[in-house]
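The values are calculated or read from the model by the stated rules, or taken from the named source; none is laboratory data. Predicted model only: the values in this text are computed from it and were never measured. Because the Cβ atoms are built from the backbone with ideal geometry, glycine has one as well, and the counts that use them run over all protein chains shown. These accessible areas exclude ligands, DNA and RNA; they are computed on the full protein's heavy atoms, side chains included. Shrake-Rupley method; radii C 1.70, N 1.55, O 1.52, S 1.80 Å.
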Amino acid sequence: MQPKTTRIDPPTVPNDPQDDSRIIIQGGRQLHGSVRVGGAKNAVLKMMAAALLSKHTTVLRNVPNLTDVHMMATILRQLGAKVDINRNEVSIDASGVNSWEAPYELVSHLRASFVVLGPLLSRFREAKVSLPGGCAIGERKIDLHERGLKILGADVRIDHGYVTASAKKLVGARMYLDRPSNGATENIMLAAVCAEGTTIIENAAQDPEIVNLADCVNAMGGNIQGAGTYQITIEGVPFEEMHDAVVDTMPDRVEVGTFMLACMATGGEILIEGANAHHLYSVISKVQEMGAEVAIYAPDVIRIKCENTKFKGTDITTLPYPGFPTDLQALFMPVMAVSEGTSIVEETIYENRFMHAAELRRMGADVVIKGNAAVIKGVEKLMGAEVKASDLRAGAALIVAGLGAEGITEVTGLRHLDRGYDRLEEKLRSLGAEIWRR
Ligand code: EPU
């Protein structure tokens, strides 16, 4: 059977890669008040892909307005799904999905879309998905995805930039991941949903986004147990038994961390609402060690107080969850740059996630990169400068740096930022920051 060929419409993404817009920040304004975080990018994108696992409608709530969400919607529509985005709710009717091919023109915009491979294979026993291509922060291999799908019985080939997977039938099996990769855990877990029998993934990623994804699949009629631990068990169910579901997206823990670090960079005291503190203990513990006061209520409200605090430098090693998240190391760097003493950030997840260091140096930070570590010696203050975001979290780190710096900072490369933050400057402005987009 040949996949249906469909015309590829240009992605309906609200920003243009050639965009030279910039965020301008007058530094030195303390943050006060309360702010509400949105749903997690890294959870919702995978749940949108999981919606392919039924002929019915999956409604996702608490969805952030991100260019990545719009891009994922474009990819699902290209596959034949009907996707409606209405404020913070996304409705995906997957009854009309009639293609199992996700082309380079779309996948190259959004690495997370590679996770359609597992659901398409589970549903059609056939999938052809483009390799996502280059990435600024590291190599981002897919060997574990490939091996896991082969263990389930798929024939997986990489040809002309595409991964093609096919299977007469998928049969549950036990497997061990050499490292707890999020993407591999997700692709294998989703492929196993409609396989025959039981699949056990050992050394699975334990991130809360995996739990949200498993909850979503279970709400759709799947049977996944153990998500959030190192061992996930998936009992295969027939595709015909999958049904409608309504699922809430978990809070974005990286957005929560971003506001905590923004508060530390400027001083002040803020309440972060709609969070889940249980997901952030490694981060809260570092923030406290540096000298910020943190109180947790509920646990969906976090108060952070840093008025007149001179922070102490600290060391961070990024690790798979529940270790310190790689997605937040860049955000700590501008605060470490003005903390007492020397801080060391060791990056163990990606090979090249220090692109923000050179931009921070332009703002007066004393940062030296040695192999996979950044050595940051505290200076009195950072100074505003024109800087450019090289990736999503680097962009947020430069905004945090600008909020605390003396004078004006202009941040370009905003297409990266808009992939993962929903109205960041508007939320910061509501806390008293002087920040605007031009
Ligand atoms: N890896 C392999 N082989 C594989 C898969 C991964 O060697 O088959 C390696 C990667 O090369 C990387 C490491 O394992 O060095 C971690 O990769 P993982 O698969 O866990 O990451 P991911 O699923 O590609 C997600 C997030 C990232 C986040 C990482 C780690 C999404 C869309 N992305 O990526 O988020 O940094 O997990 O927590 O969920 C971000 O939001 O800014 C971001 C980059």
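By a 1.4 Å probe calculation restricted to protein chains, LYS370 has an accessible surface near 130 Å², given to the nearest 10. Taking amide H positions as modeled 1.01 Å from N, with prolines and chain starts lacking one, the residues under 5 Å from VAL338 and 5 or more places away or on another chain are VAL379.
For the Cα trace of segment 23-73, dividing Rg by the Kirkwood Rh returns an Rg/Rh value of 1.19.
First check a/c for segment 218-262, with a ≥ b ≥ c the square roots of the eigenvalues of its C-alpha gyration tensor; if it is under 1.5, answer rounded, and if not, answer prolate when a/b is larger than b/c or oblate otherwise. All intermediate terms of the calculation are to be shown ahead of the outcome.
Numbers: a/c = 5.99, a/b = 2.01, b/c = 2.98.
Oblate is the answer for segment 218-262, as a/c is 1.5 or above yet b/c matches or exceeds a/b.
Distance from the C-alpha centroid of segment 366-428 to that of segment 133-197: 35 Å, rounded to the whole angstrom.
Karplus-based coupling profile of segment 358-374, in residue order and whole Hz: 5, 5, 5, 4, 5, 9, x, 6, 9, 10, 10, 9, 10, x, 9, 10, 10, with θ = phi - 60° in 6.51 cos²θ - 1.76 cosθ + 1.60 and x standing for Gly or Pro.
Each residue, HIS56 and HIS160, gets one label point 7 Å from its Cα in the Cβ direction; the gap between the two is 3.9 nm.
Shape of segment 150-244 from its Cα gyration tensor (a ≥ b ≥ c, root eigenvalues): rounded if a/c is under 1.5, otherwise prolate when a/b > b/c, or oblate? Because a/c hits 1.5 or more and a/b fails to exceed b/c, segment 150-244 counts as oblate. Spacing of the modelled spin labels on LYS312 and GLN288, each 7 Å from Cα toward Cβ, amounts to 1.4 nm. Heavy-atom accessible surface of GLU255, to the nearest 10 Å², is about 10 Å², with a 1.4 Å probe and all protein chains retained. With the charge dipole of segment 84-189 set up from +1 on Lys and Arg Cβ and -1 on Asp and Glu Cβ about the Cα centre, the Cα lying farthest toward the positive end among the listed residues ILE142, SER99, VAL115 is that of ILE142. Please give me the summed charge of the neighbours of ARG125: other residues whose Cβ is under 10 Å from its Cβ, Lys and Arg +1, Asp and Glu -1. It works out to a net charge of +2. Within the listed set VAL301, VAL44, VAL69, the Gaussian network model of the chain (springs between alpha-carbon atoms below 10 Å) gives the highest mean-square fluctuation for VAL301.
The calculated 222 nm mean residue ellipticity attributable to helices in the chain amounts to -9000 deg cm²/dmol, summing -39500 (n - 2.57) over DSSP H runs of n ≥ 4 and dividing by all residues. Working from Cα pairs under 8 Å separated by at least six residues, relative contact order for the chain is 20 percent.
Summing Lys, Arg as +1 and Asp, Glu as -1, what charge do residues with Cβ under 11 Å from the Cβ of THR266 carry, THR266 excluded?
Numbers: positive: ARG29; negative: GLU269, GLU307, GLU434.
Summing Lys/Arg as +1 and Asp/Glu as -1 gives -2.
How much length would be gained if the chain were fully extended between ARG437 and LYS82, taking 0.36 nm per residue of separation minus their Cα-Cα distance, in nm to one decimal? Don't skip to the answer; put the middle values down first.
Values: separation 355, 0.36 × 355 = 127.80 nm, distance 3.30 nm.
Taking ARG437 through LYS82 to full extension adds about 124.5 nm, to one decimal.
The figure for ARG157 is an accessible area of roughly 130 square angstrom, using a 1.4 Å probe on the protein chains alone. A Gaussian network model of the chain, with springs between Cα atoms under 10 Å, assigns the largest mean-square fluctuation among THR266, THR348, THR409 to THR348.
Return one quarter of the surface area of the convex hull spanned by the alpha-carbon atoms of segment 41-248, equal to its mean projected area, in nm².
On the way: hull surface 38.8 nm².
So the mean shadow area of the Cα hull is 9.7 nm².
Along segment 244-250 the Karplus relation, 6.51 cos²θ - 1.76 cosθ + 1.60 evaluated at θ = phi - 60°, assigns HN-Hα couplings of 4, 7, 10, 9, 8, 7, 5 Hz to successive residues, with x for each Gly and Pro.
Can you sort TRP436, TRP100 by 1.4 Å-probe accessible area, starting with the largest? Could you put the intermediate results ahead of the total?
On the way: TRP436 100, TRP100 20 Å².
So, going from the largest accessible area down, we get TRP436, TRP100.
Excluding VAL37 itself, calculate the net charge of residues whose Cβ lies under 10 Å from the Cβ of VAL37, where each Lys or Arg counts +1 and each Asp or Glu counts -1. Please report the intermediate quantities before stating the final value.
On the way: positive: ARG36, ARG253, LYS427; negative: ASP252, GLU255, GLU273, ASP300, ASP422.
Result for the local shell: -2.
Between GLU196 and LYS141, residue separation times 0.36 nm minus the direct Cα-Cα distance comes to 17.0 nm. P(r) for the chain, from all Cα pairs and a bin width of 20 Å, is 27, 55, 18, 0 %, short bins first. Applying 0.36 nm per residue to the separation of GLU426 and SER21 and subtracting their alpha-carbon distance, the gain on full extension is 144.2 nm.
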